[in-house]
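**Student:** Here's a structure for you.
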Amino acid sequence: MRNRPVRPAGTSRVASVMNAANGLAVTRPRPARRPVVPSAVLAVLVLVAAEAMFFAGLTSAFLVGKAGAGPLLWPPLDQPRLPVATTAVNTLVLLASGVALAIGQRAFARGRARSARRAVTLSLGLGVAFVVVQGSEWVRLVGYGLTMTSSTFGSFFYLLVGAHALHAVGALVALGWLARSLRQGHGSRDVLGAVGAFWYFVVGLWPVLYVLVYVW
Amino acid sequence: MALTVDAEHTVPARRRGAPASHDGHRGAPAAHGGHHGPTSFWSTYVFSTDHKVIGLQYMFTGMVMALIGGFMAYAFRMQLAFPDQPVPGFGLVTPNVYNSLVTNHGAIMIFWVAMPMLIAGFGNFLIPLMIGCDDMVFPRLNRLSYQLFFVSAIVLLASFVVPGGGFGGAWTSYPPLSSSGTFNHTPWGAPLWLAAVAIEFIAFLLGGINFITTAMNARAPGMRMWDIPMVVWMIVIASILFMASAGPLIAGAIMLLLDQVAGTHFFTPAAGGDPLLWQHLFWFFGHPEVYVVLLPAMGIVAEVITVHARKKLFAYKTILYTTAGTAAFSFVVWAHHQFVAGIDPRMANLFTITTLLISIPIGEMLFCYIATLWGGSIEFKTSMLFGVAFLAEFLLGGVTGIFLGASAVDVYLHDTYFVVAHFHYTFVPIAIIAVFAGIYHWYPKMFGRLMDETLGKIHFWGTIIGFNTIFLPLFVTGAAGDHRRIYSYQHFQQLATDGLQSLRVVATVGMLIMLLAQTAFIVNFVRSLVRGAPAAANPWRANTLEWAAPSPPPHGNFAEMPTVYRGPYEYSVPGRTEDYWPQNVPA
Ligand code: HEM
Ligand SMILES: [Cu+2]
C-alpha cells in the first residue's frame, strides 16, 4: 500500500513541466559551489539591512514628530539653533574617512599592505575626529539648554544623532581592531570587507541625517 | 544524545562537505573555538556551540515558557467563566492581575514560544543538517544568540515580581497607557517588559544573520537553489522578513523606553508627542511578524506531508515565489489593525484592498499543499495528523482574517473576541499544531528514539478537540459584542446574559481539555527519551539530508559529508522499486 507509486499525473502537468525544467527529477552532474559573497561580508550586509530599517523607523518617527509640531515649535523659540555650518564641515570629515577606507581596501586588494595600513589608520583618525567634534557640539548645546527632555525637538535630536553616534563609536572600535591586525600583518580581505561594509553604512547614513535634522 | 566532540573528523569533513562555511572562517577567526574544547557536561550541553544543542536549548526554553503562558491562560479563562472566584492553584484574579496575565500570555506565546520554537529551535536544528554541513557559519554568534534569549526570558519573568507587578497594557503596549508608570501603575514592570522584548530581538537578529549566511554559503556540493528543502527556504525567508521588520519596532521600543524612564514625551500627546506613531511602528513590525511565524510552520508542514503522503511537493517553485512575494507584500497591510484608531478613511480603503489581496497568495499556498496530498499514499502517523490539522485549522483563521480586513466590518468587530478567535485560529496552528508536527516528525532524529504513537494520537485529539472547543464559541461571543480585555462581564448588563456566559464556560472547558491533553505529550516525550524504540537513521524513509546522518547526529553531523544529486521531494518516482530517493544517493 505504502509503496504504491502515485500515478504520474499526481503532480499535474504544470508541476511536471516545471519540475523537468528545474531538473528536480533529472540527474545532471552537480558542480561544487563557491559563495558569491564571503560569509563575513554577507553577515555584515544582513546586519546593515536591519540597521537601515532601524534608522528608517527613527527618521519616519522624526518626520511625523516634526509635522505634528509645526514650524514654531521646530525648534521651539526659546531653544538654541543647531550648529549647521560646523556640522557641515564635520560631515566632510566623515566622508573623507569613508573615502580613505575605500582607498585602503583597494590597496590591500592589490597587495600593497603598507599603504593599506596607512589609509585605514587615516580613516580611523578622521572618524575619531568626527565623533569628538560631535561630542563637543553636544556639550555646547546642552549648555544652552537643549536636552533630551527640554522639548520634543530636543528628544528627537538626541535620539537620531545619538543613535548614529553609538553606531559610529562601535564601528570605530572595529576599525581600530582592523588597523591593529593589519599592523600585525594578519588582516584579511574578508575582514576588511566586513568592517568596511559597516563603516560605509555609518558614513553614508550621516549626510541623510544631517540634511533631515540640521538643514531641512 | 551522543553529541561527542570529535575534532579529528571535523576539520577535513568541513573542507570536503562545506567549502563555503570553511571559507566563512576567515571572516570570523574566533568562531568555532568550541569544537576543540573539553567534553565536560557544561561544554557539551550548556555552553556548546553545536547547532543541534543550541536548537534544543531554544526548544526546551520555549516549551517551559509555553507551560508558563498556558498557566496564565488557565488563570484568566477561569476568571472569565467563574468571575471573582479564587482560581484553584492560582488565587483571586483581580482586574490588575487579569490585565497582566493576558498581556504576558500573548507576549510569551508570540515572542518566547512561537519565535524560539519555530525559527530558532527548528532553524538551528534543521538548517545545517538539511543543507549538509557540520554547523552554522558563526557558531559562537549562535551561542551568544541563545544566551541573550535566555537572559530576555529571565528579565521577563523578573518583571512579574517587581513592585507594582507585571506589565498589563496588552502585548501591543499602546501608549499613553504604556508610556508612564502614572498611567499603568507598573513603573517597574513596564520597562522590564520592554527591555525583555528588546533583548530578545537582538538575540533573534544574531540568529537570523547566521541562518541566512549559512543557508547561502554552506550548502553541500551539488545543492542548488531549487534543491533546498522548503522548510529551510521558509525559515530563511522568515529570517529576512524579521530582519527587515524588526528595526522600526526596536526604534519605537527605544523611544517608549525613553518615555518610561528618561522623561521624554515621544508618545504623550499632552507634551507634543504622538501616540498613533507607536501604533504604526508596532504594526509595521507586527503584521510581517505573523508571516515570520507562519512561514516556518508552513515549511515544517511541507516536509511532514510530503514524507507521509509519499508525494512530491506540488509546485515547489510556485510556493517559493509566492512565499517571497507574500513576505514583501506583508509590509503594506499593517494599518488594518488601526481601522478604528482615527486613521484617514481613504487610508483605510487602501489597506482594506491590500489586506484582501494578500489573502490570495496565502490561499494559493494552501491549495498547493492540498494538491500535494491529493492522490498520495497517506499514512496517518501522529506528525501527519498534526500536519493535516494545521491546514484545516489555519484555513479558518485565514478566512476570518478576510472578514476583519474589510474596514466596514472591522469597525464593528475590532477588539472583540471575534478578533481573538481569528488570531488564535492562525497562531495555534502555527505555534502549537505545526510545532507538534515537527517535534513528532524529527524526534527520532533529535534523540535517536521513536515516540509512542498511541499516546501521540491521544495527545493529538485532545489538543484539536480542546482547541476548537475554546475558540469556535468565541467567534460567536465576539460577534455578539464581547469586547476583549474585560476582566468580568458581570459589570456589563447587556453582556452578562446566561447565553453568553454559557459560551464562555464552554470555552474555558475547552481550555482545560487542551491543557490536560498536553500531559500525554509530556509523558510521551520524557518516556520515549529512555524507553522509546531505537530509531534507525531514516525511520520515515525520507529524502532530505538530515536523514542521511545517524540518529542522533554526532558533533559534526555526518560520518561522510553528503553530496546532493537531486531535489528533496522525489517520492514515488515511477520506475523505481523504492518509493523514495534520498538527495545524497547517486543515480
Ligand atoms: C499568518 C497568519 C495570521 C496571523 C498569525 C494573524 C494574527 C493576527 C493577530 C495576532 C491579530 C490581533 C492583533 C491584536 O489586536 O492583538 C490579528 C488581527 C487581524 N488580522 Fe490576522 N493574522 C493572520 C492572517 C490574517 C489574514 C490572512 C488576514 C486577512 C486577509 C488577517 C487580517 C487581520 C485583521 C484585519 C486584523 C485586525 C482585526 C482588528 O483588530 O480589528 N490576518 N491577526
Ligand atoms: Cu495584520
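The values are calculated or read from the model by the stated rules, or taken from the named source; none is laboratory data. Quick caveat, the model's predicted, so the values are computed rather than measured. Here the Cβ is made from the backbone with ideal geometry for all residues, glycine too, and neighbour counts use every protein chain on show. These accessible areas exclude ligands, DNA and RNA; they are computed on the full protein's heavy atoms, side chains included. Shrake-Rupley method; radii C 1.70, N 1.55, O 1.52, S 1.80 Å.
**Student:** To the nearest 10 degrees, how steep is helix B:7-17 against the longest Cα principal axis of chain B, on a 0 to 90 scale?
**Tutor:** Its long axis makes an angle of about 90 degrees.
**Student:** Working from Cα positions, state the angle (0 to 90°, nearest 10) between the long axis of helix B:382-405 and the longest principal axis of chain B.
**Tutor:** Once rounded, the angle reads 40 degrees.
**Student:** Net charge around B:Ala107, counting only other residues with Cβ within less than 13 Å of its Cβ (Lys, Arg = +1; Asp, Glu = -1)? Walk me through the intermediate numbers first.
**Tutor:** Details: positive: none; negative: B:Glu200, B:Glu289.
With Lys, Arg at +1 and Asp, Glu at -1, the net is -2.
**Student:** Next question. Report the one residue of A:Gly170, A:Gly196, A:Ser155 whose Cα lies farthest in the direction of the positive end of the charge dipole of the stretch A:39-215 (charges on C-beta: Lys and Arg +1, Asp and Glu -1; origin at the Cα centre).
**Tutor:** Result: A:Gly196.
**Student:** Among the lysines, which fall within straight-line cross-link reach of B:Lys312, defined as a Cα-Cα distance under 24 Å, with same-chain neighbours fewer than 8 residues apart omitted?
**Tutor:** Correct list for B:Lys312: B:Lys381, B:Lys445.
**Student:** Starting at the first residue of the stretch B:445-453, write each ³J(HN,Hα) from the Karplus equation 6.51 cos²θ - 1.76 cosθ + 1.60 with θ = phi - 60°, in whole Hz, x for Gly and Pro.
**Tutor:** Coupling constants for the stretch B:445-453: 6, 5, 10, x, 9, 8, 8, 7, 6 Hz.
**Student:** Of A:Val213, A:Ala107, A:Leu63, which is farthest on the positive side of the dipole of the stretch A:39-215, counting Cα position, with +1 on Lys and Arg Cβ, -1 on Asp and Glu Cβ, and the Cα centre as origin?
**Tutor:** Looking along the dipole axis, the top candidate is A:Ala107.
**Student:** Just counting partner chain Cβ atoms within 10 Å, what average do the residues of peptide A:48-55 show around their Cβ? Write down the numbers at each step before the final one.
**Tutor:** Working: counts 0, 6, 12, 4, 2, 11, 8, 3.
The per-residue average across the peptide is 6.
**Student:** To the nearest Å, what is the center-to-center distance of the stretch B:95-123 and the stretch A:132-190, using C-alpha atoms only?
**Tutor:** 35 Å
**Student:** Send over the semi-axes of the stretch B:533-587's equivalent ellipsoid, whole angstrom and largest first, taken as the square roots of 5 times the C-alpha gyration tensor eigenvalues.
**Tutor:** On the way: eigenvalues 89, 40, 10 Å².
They are 21, 14, 7 Å, listed largest first.
**Student:** Run the simple label-point estimate for B:Thr497 and A:Ala102 please: 7 Å along Cα→C-beta, distance reported in nm.
**Tutor:** My value for the distance between the label points is 7.1 nm.
**Student:** Putting +1 on Lys and Arg Cβ atoms and -1 on Asp and Glu Cβ atoms, find which of A:Trp138, B:Met561, B:Met65 reaches farthest to the positive end of the dipole of the protein assembly as shown.
**Tutor:** B:Met561
**Student:** Specify the angular offset, from 0 to 90 degrees and rounded to the nearest 10, of the alpha carbon long axis of helix B:230-261 from the longest principal axis of the alpha carbons in chain B.
**Tutor:** Computed tilt is about 40 degrees.
**Student:** Ignoring ligands, DNA and RNA and using a 1.4 Å probe, state the total buried accessible area between A and B in Å², rounded to the nearest 100. All intermediate terms of the calculation are to be shown ahead of the outcome.
**Tutor:** Numbers: alone 13030 and 22010 Å², together 30070 Å².
Rounded to the nearest hundred, the buried surface is 5000 Å².
**Student:** OK, next. What translational D, rounded to a whole number of µm²/s, comes out for the stretch A:39-215 from Stokes-Einstein when the hydrodynamic radius is the Kirkwood one over Cα pairs, at 37 °C and 0.692 mPa s? The partial results should precede the final answer.
**Tutor:** On the way: Rh = 17.2 Å.
Translational diffusion coefficient: 191 µm²/s.
**Student:** Under a point-charge model restricted to the Cβ atoms of Lys and Arg (+1) and Asp and Glu (-1), what is the dipole moment magnitude of the stretch A:94-216 relative to its Cα centre, in debye to the nearest 20? If you can, show how the numbers build up before the last one.
**Tutor:** On the way: 10 positive and 2 negative charges, 151 e Å.
Dipole about the Cα centre, nearest 20: 720 debye.
**Student:** Heads up, I need the accessible area for B:Leu455: 1.4 angstrom probe, whole protein in place, Å², nearest 10.
**Tutor:** 40 Å²
**Student:** Across peptide B:210-218, what mean number of C-beta atoms from other chains lies inside 10 Å of a residue's C-beta? Numbers along the way, then the final one.
**Tutor:** On the way: counts 3, 1, 5, 11, 3, 0, 7, 10, 3.
So the per-residue partner count for this stretch is 5.
**Student:** Another question, then. Read phi for every residue in the stretch B:131-143 and hand back ³J(HN,Hα) as whole Hz from Karplus 6.51 cos²θ - 1.76 cosθ + 1.60, θ = phi - 60°, with x for Gly and Pro.
**Tutor:** These are the phi-based 3J(HN,Hα) values: 9, x, 10, 9, 5, 5, 5, 10, x, 6, 4, 5, 5 Hz.
**Student:** Just counting partner chain Cβ atoms within 10 Å, what average do the residues of peptide B:365-378 show around their Cβ? Walk me through the intermediate numbers first.
**Tutor:** On the way: counts 0, 0, 0, 1, 0, 0, 5, 3, 0, 4, 6, 3, 6, 1.
Per-residue shielding by partner chains comes out at 2.
**Student:** Under a 5 Å amide H to amide H cut-off, with H placed in plane at 1.01 Å, what residues pair with B:Val87 once short-range neighbours are removed?
**Tutor:** Long-range HN contacts for B:Val87: B:Leu92, B:Val93.
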